[in-house]
Structure formats: C-alpha cells, structure tokens
Amino acid sequence: MIVQRMVLKVKTGSQDSVVGLLKAARAGLDDPSSMRILTSEIGVPRHTVVYELTVESVEENRKRWTEWMNRAETPAFMEKWFEVVEDWNDEYYNIEV
C-alpha cells in the first residue's frame, strides 16, 4: 500500500476554493475514503493545502491518474485548478503500518 501526498501552495485567499475543488474530485472517486484533504490551524501557512491518495501500488496509482486525465470534465477542472493553485509537490510513501 502506498500514499501519494500532494503539498499545494495555493494563491492568496484561495484555500477555500482549492478545498472545494478537491472535495468535488473526492466525491467522484470510486472510494472517496481513499483521499484525505488536510488544512492547518496552527503552524503551516494558510496558503498550504495537502491531499493524500491511498492506493495498493504505484502501478494502480498511475492507472487511476491516467483514467482521471482522460475524463471529459478534467480540462475544466484543471482550468479552475490553475486559477487557484500556485505550485505543488508530489511525494510517494510506502505505508508500513
């Protein structure tokens, strides 16, 4: 089992919009519980949002991303994404426990 963690730097004042986009994307997943959306109250600036996708393997992760990228609604989602997200970083981890 792996987790893909994406740390997003959101544009000023856009945290709620980013969370809304992620919640909409999460609702469209076969298993919405495989995605967690994290925001901070203390420590991390309000321009940071993290989301995590849990999947069985790197191969399964690639397959899901390919399917998602080929969906008809993805271009419109990405247009909105680039309006509110400044940059992001992907991290992949093995889940040990």
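Worth pointing out:
- Heavy atoms of the protein chains alone define the surface here; on that basis the chain has 68 Å² accessible area per residue at 1.4 Å probe size.
- Formal net charge of residues neighbouring residue 16 (Cβ-Cβ distance under 11 Å; K, R +1; D, E -1): +2
- Overall, the accessible surface of the chain at a probe of 1.4 angstrom is composed of carbon and sulfur to the extent of 52 percent.
- Backbone phi angles across region 49-55, fed through the Karplus curve with coefficients 6.51, -1.76 and 1.60 (θ = phi - 60°), yield HN-Hα couplings of 10, 10, 9, 10, 10, 9, 9 Hz in residue order; Gly and Pro are listed as x.
- Cα extents of region 51-97 along the three principal axes, largest first (Å): 36, 23, 11
- Electrostatic tally near residue 34: other residues with Cβ closer than 11 Å to its Cβ, Lys and Arg +1, Asp and Glu -1, net -2.
- Under the span-like rule (Cα at least 27 Å along the axis, Kyte-Doolittle mean at least -1.0), DSSP H helices of the chain: none
- Surrounding net charge for residue 88, when Lys and Arg each add one and Asp and Glu each subtract one, Cβ distance under 11 Å: -2
- Test item: Cα-centred dipole of region 1-52, Lys/Arg +1 and Asp/Glu -1 on Cβ, debye: 200
- Under the criterion of Cα pairs below 8 Å and six or more residues apart, the relative contact order for the chain equals 51 percent.
- With 5 Å bins from 0: P(r) over the chain, alpha-carbon pairs, percent: 2, 12, 22, 26, 21, 12, 4, 1
The values are calculated or read from the model by the stated rules, or taken from the named source; none is laboratory data. Computed from a predicted model, the values in this text were never measured in an experiment. Neighbour counts are summed over all protein chains in view; Cβ atoms, including those assigned to glycine, are modelled from backbone coordinates with ideal geometry. In case anyone asks, the SASA skips ligands and DNA or RNA and just uses the protein heavy atoms, side chains included. Shrake-Rupley method; radii C 1.70, N 1.55, O 1.52, S 1.80 Å.
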